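Okay, so here's the structure we're looking at.
Every read-out reported here was derived from the displayed coordinates using simple, explicitly stated rules and does not represent laboratory data. In this text the structure is predicted, and so the values were computed from the model without any measurement. For neighbour counting, all protein chains shown are included, and Cβ atoms are generated from backbone atoms with ideal geometry for every residue, glycine included.
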Amino acid sequence: MSKGMTLFGYWRSSAAYRVRIGLNLKQLNYESISVHLVRNGGEQHAPQYHELNTSELVPVLVDGDVQLNQSLTILQYLDETYPGNLLIPELSPLRYQALAMAQDIAMEIHPLNNLRVLQYLERELSHGQEIKIDWLHYWMNQGFSALEEKLAKHRKVNGDRIYSLTNSPSIVDICLVPQVYNAHRFNVDMAPFPLINSIVEACNRLPAFIEAMPENQADAEV
Ligand SMILES: N[C@@H](CCC(=O)N[C@@H](CS)C(=O)NCC(=O)O)C(=O)O
């Protein structure tokens, strides 16, 4: 049983969205504290939050004496501390394929569409909305194309799957769903990625994913 965790996040943060899905899949209770990423110049830059994470990014999970940032590490921590419903497959080579694919999303696609990167393009490099959207679409398209191909190759070798690599949701799906949410948010055309779309649809039928959706958070502004 959970000792009562606290998640510092934001409804539209895809990294916090990952952790919410992970906590829900593991059926762990947690309290959400909203860090508004835009209001007052961004509450992630406030001194109190800086104390919690000097990188000034969400999420941060606090579980007793443990205080962690980095969503993928948080998911790994949850698996190793609360072993039910594993988020990272246990056996090699699937375990490492899942970790690599989660990183394809979290390390290669996501950082390029993060708020501070977009703000830098706009504020420091004086690029307008059009270039910002072009940038977002270019990097998401490149990332999703590679992923779609990788998922198809995996199916050719291992047979069909409901979710990305497995028949129960894994860390890959936990990263994929929020990334596709971001894509829709910025009107990326997802038609060229049918496999990704079918996986996301399957995930979004599960209560753990539905409850973690940005629009279902207490701080949602929809
Ligand atoms: N690699 C980090 C990424 C964290 C991250 O980029 N968080 C974003 C929201 S998704 C954020 O806090 N952005 C605030 C900003 O850019 O100022 C993780 O996986 O936790």
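Restrict the check to segment 84-104 and report whether at least one residue is among the basic types (Lys, Arg) and either within 16 Å of the ligand (Cβ to nearest atom) or in a helix (DSSP H, G or I) (or both).
yes
For segment 137-221, which fully contained helices (runs of 4 or more DSSP H) count at least 3 residues that are over 21 Å from residue 12 (Cβ atoms)?
Correct list: 194-203.
What's the number of the only condition in (1) more than 10 Å from the ligand (Cβ to nearest atom); (2) surrounded by fewer than 18 Cβ atoms within 10 Å (Cβ to Cβ) that residue 78 fails to meet?
(2)
Considering segment 169-197 alone, what residues qualify as being within 21 Å of residue 89 (Cα to Cα) and polar (S, T, N, Q)?
Matches in segment 169-197: 170, 179.
What number of residues in segment 164-219 are touching a Lys or Arg at 6+ places or on another chain (Cβ under 8 Å) and exposed (fewer than 13 other Cβ atoms within 10 Å of the Cβ)?
Adding up the residues that qualify gives 1.
Consider residue 99 against the criteria (1) in contact (Cβ under 8 Å) with a residue 24 or more places away in the chain; (2) more than 27 Å from residue 166 (Cβ to Cβ): it satisfies all of them except one. Which criterion is unmet?
Among (1) in contact (Cβ under 8 Å) with a residue 24 or more places away in the chain; (2) more than 27 Å from residue 166 (Cβ to Cβ), the lone unmet condition for residue 99 is (2).
Within segment 17-48, which residues are hydroxyl-bearing (Ser, Thr, Tyr) and within 10 Å of the ligand (Cβ to nearest atom)?
17
Name the residue, out of 78, 72, that is in a helix (DSSP H, G or I), in contact with a Lys or Arg (Cβ under 9 Å, 6 or more places away or on another chain) and closer than 18 Å to residue 114 by Cα.
72
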